[in-house]
Amino acid sequence: MTEPEQPRVSIVIPVYNEGDAITNCLHRILTSVKLPCEVLVVYDDESDPTVVPLRKFADVDPRVIPTLNTYGRGPARAIRFGIDHVRAPVAVVTMADGSDDAEQIDELCKLVERGVVIAAASRYMSGGQQIDGPFIKTQLSRFAGLSLYWLARVGTRDATNSFKAYSVDFVREVEIDSDTGFEIGIELVAKARRLRRPVAELPTIWLERAQGASNFKVAKWIPRYLKWYRFAFGPRLPLETVRAAGKDLAR
């Protein structure tokens with residue numbers, strides 16, 4: 001085992017009850033990503049069944065960093081904790097369930113390195129596709145993504161997708177205010193739009209998870225998504241106003 005080199009991209013994976021499936025997830029990512037990387041696998045509790053196989057994998061590959069989230073339970077806090085502790089200038093958020101195409105992580109990272117603050121993997125642009133998944137969730141996500149793209153000009157047709165690369169400086173500048181579900185993706189896209197920062201996208205093919213149950217709670221989290229959806233519309237704002245508005249919306 002050798003010390004990992006300085007990462008060019010940090011990959012943040014929130015996990016909950018993934019168990020042994022985390023091994024396949026990490027193998028797929030580390031086989032696909034060619035850039036120097038670190039992988040922060042973020043869990044809420046040491047008793048999570050993901051932790052034991054995760055630590056075994058990390059003992060063999062030092063690029064994998066088991067990370068205990070101390071910001072509070074839930075995917076939003078886990079993602080925020082992970083991004084707060086990355087070493088690379090670019091952070092990619094991806095899920096542990098196999099839905100995202102790990103081979104696109106390098107491409108998304110390079111888009112951010114070229115100057116955008118967010119590079120989104122888009123299911124709803126030409127060349128993108130979503131295979132399976134709950135019908136209502138899919139239709140709501142598609143409507144939100146396409147309407148934000150055409151009406152609010154946010155730069156991506158898939159604002160709600162969690163699979164995105166971020167400029168770490170940008171995220172730390174605007175701060176993350178979401179504290180429960182997976183709405184961080186739309187939150188940061190909305191903030192980038194109100195600041196008039198560049199956002200880009202690549203087409204992706206998203207697959208419904210093959211094992212386990214999704215942790216996405218549609219009815220509970222829709223009101224929070226709607227807050228950020230509405231915030232994406234409007235004139236350019238200074239950074240201080242965007243940060244203050246984010247605090248208000250998260251209450």
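The values are calculated or read from the model by the stated rules, or taken from the named source; none is laboratory data. Small disclaimer: the values here were computed from a predicted structure and weren't measured. As a convention, Cβ positions derive from the backbone with ideal geometry for all residues, glycine included, and neighbour counts pool all protein chains shown.
With the checklist (1) assigned to a strand (DSSP E or B); (2) over 11 Å from Leu26 (Cβ atoms) in hand, flag the one item Val41 doesn't pass.
(2)
Being in contact with an Asp or Glu (Cβ under 7 Å, 6 or more places away or on another chain), small (Gly, Ala, Ser) and touching a residue at least 60 places away in the same chain (Cβ under 8 Å) is the filter here, so list the residues in the range 141-198 that pass it.
Listed by number, the list holds a single entry, Ser178.
Quickly run through the range 103-136 and pick out the residues that are surrounded by fewer than 14 Cβ atoms within 10 Å (Cβ to Cβ), in contact with an Asp or Glu (Cβ under 7 Å, 6 or more places away or on another chain) and assigned to a strand (DSSP E or B).
Result: Ile131, single match.
One residue is enough: does the range 215-237 have a residue meeting the conditions among the aliphatic types (A, V, I, L, M), part of a helix (DSSP H, G or I), modelled with pLDDT of 95 or more and over 16 Å from the mean Cα position of the chain (by Cα)?
no
Run Ser47 past the list (1) surrounded by fewer than 13 Cβ atoms within 10 Å (Cβ to Cβ); (2) in a helix (DSSP H, G or I) and report the number of the one that doesn't hold.
Here Ser47 clears every test but (2).
Under 20 Å from Ile13 (Cα atoms) and part of a loop (DSSP other than H, G, I, E, B): does that describe Asp100? Give the steps one after another, and end with the answer.
Values: under 20 Å from Ile13 (Cα atoms): yes; part of a loop (DSSP other than H, G, I, E, B): yes.
The answer is yes for Asp100.
In the list Arg73, Arg55, Arg77, which residue meets the criterion of being out of contact with any Lys or Arg (no Cβ under 6 Å at 6 or more places or on another chain), surrounded by 15 or more Cβ atoms within 10 Å (Cβ to Cβ) and basic (Lys, Arg)?
Answer to the selection: Arg77.
For residues that are in a loop (DSSP other than H, G, I, E, B) and of a type in the set (S, T, N, Q), scanning just the range 167-187, find the one that is modelled with the highest pLDDT.
If we take residues in the range 167-187 being in a loop (DSSP other than H, G, I, E, B) and of a type in the set (S, T, N, Q), then Ser178 is modelled with the highest pLDDT.
Of all the residues that make up the range 61-82, how many are among the hydrophobic types (A, V, I, L, M, F, W, C) and under 22 Å from Glu103 (Cβ atoms)? It would help to see each step written out before you state the result.
Taking the range 61-82 as the starting set, the residues that turn out to be among the hydrophobic types (A, V, I, L, M, F, W, C) are 64-65, 68, 76, 78-79, 81.
With the extra rule that they be under 22 Å from Glu103 (Cβ atoms), the set shrinks to 64-65, 79.
Residues that pass the stated criteria total 3.
Return only the number of the condition from (1) in a strand (DSSP E or B); (2) farther than 14 Å from Pro198 by Cα that Leu140 does not satisfy.
Every listed condition holds for Leu140 apart from (1).
So which residues in the range 67-97 are assigned to a helix (DSSP H, G or I) and touching a helix residue (DSSP H, G or I) at 6+ places or on another chain (Cβ under 6 Å), if there are any at all?
The initial filter retains those residues of the range 67-97 that are assigned to a helix (DSSP H, G or I), namely 75-84.
Listed by number, the residues that qualify are Ala76, Ile79, Ile83.
Select from the range 223-251 the residues that are among the aromatic types (Phe, Trp, Tyr) and under 17 Å from Leu140 (Cα atoms) and write down the one among them that is surrounded by the most Cβ atoms within 10 Å (Cβ to Cβ).
Of everything passing the filter in the range 223-251, Trp228 is surrounded by the most Cβ atoms within 10 Å (Cβ to Cβ).
Name every residue in the range 12-60 that is in contact with an Asp or Glu (Cβ under 7 Å, 6 or more places away or on another chain) and farther than 26 Å from Val168 by Cα, in order of residue number.
Of everything in the range 12-60, those that are in contact with an Asp or Glu (Cβ under 7 Å, 6 or more places away or on another chain) and farther than 26 Å from Val168 by Cα turn out to be Asn17, Thr50, Pro53.
For the range 43-76, how many residues are within 28 Å of Asp177 (Cα to Cα) and either touching a residue at least 60 places away in the same chain (Cβ under 8 Å) or aromatic (Phe, Trp, Tyr) (or both)?
So the count comes out to 6.
Consider only pairs whose beta carbons are under 9 Å apart and that are at least six residues apart or on different chains; among these, list those whose first residue lies in the range 20-33 and is touching a residue at least 40 places away in the same chain (Cβ under 8 Å) and whose second residue is hydroxyl-bearing (Ser, Thr, Tyr) and crowded, with 21+ Cβ neighbours inside 10 Å.
Ala21/Thr50; Ile22/Thr50; Cys25/Thr94; Ile29/Thr94
Please tell me if Phe57 is of a type in the set (A, V, I, L, M, F, W, C), over 22 Å from Tyr166 (Cβ atoms) and touching a strand residue (DSSP E or B) at 6+ places or on another chain (Cβ under 7 Å).
yes
Which members of the range 137-188 meet the condition of being crowded, with 24+ Cβ neighbours inside 10 Å and among the charged types (D, E, K, R)?
Asp158, Lys164, Glu183, Glu187
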